[in-house]
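Reviewing the structure listed below.
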């Protein structure tokens, strides 16, 4: 997986995930082969936020019936991403013992998620 758009497939919106947004937790359906590191890098690249942690869970497809017809539902991988809601600029020391801050600005929420806080 090289592109961030291939890792994050779509947001996972339920009542519980809407409540978790207030705590800075966003839930996505991700590619089944994506690792936590790849998910972290994809979210940071696409949404310009600082990711604190990533939790993942794999769901197997269930056998469902509709009348006499039966078949499996699709399996998927879900990722819960916790972002830093109060990002501070990171700094480092240069050779001359001067502290320098990075120019990267982080957002404190994901407005593109489609849920109003």
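How many residues does segment 58-117 hold that are closer than 17 Å to residue 48 by Cα, part of a loop (DSSP other than H, G, I, E, B) and at pLDDT 95 or above?
0
With the structure loaded, tell me whether residue 34 is touching a strand residue (DSSP E or B) at 6+ places or on another chain (Cβ under 8 Å), surrounded by 17 or more Cβ atoms within 10 Å (Cβ to Cβ) and assigned to a loop (DSSP other than H, G, I, E, B) or whether it fails that test.
Yes, satisfied.
Just for segment 13-31: of the residues that are part of a loop (DSSP other than H, G, I, E, B) and at pLDDT below 95, which one is surrounded by the fewest Cβ atoms within 10 Å (Cβ to Cβ)?
For segment 13-31, the residue satisfying everything is 14.
Name the single residue that is surrounded by the fewest Cβ atoms within 10 Å (Cβ to Cβ) among those in segment 79-89 being in contact with a strand residue (DSSP E or B) (Cβ under 7 Å, 6 or more places away or on another chain) and over 16 Å from residue 19 (Cβ atoms).
Looking at the filtered set, the residue picked out is 89.
Among the residues of segment 1-58, which ones are more than 14 Å from residue 80 (Cα to Cα), out of contact with any helix residue (DSSP H, G or I) (no Cβ under 9 Å at 6 or more places or on another chain) and without any contact (Cβ under 8 Å) to a residue 12 or more places away in the chain?
2, 15
The values are calculated or read from the model by the stated rules, or taken from the named source; none is laboratory data. Bear in mind that the values here come from a model prediction, so they are computed numbers and not experimental data. Positions of Cβ are backbone-derived with ideal geometry, glycine not excepted, and every protein chain shown enters the neighbour counts.
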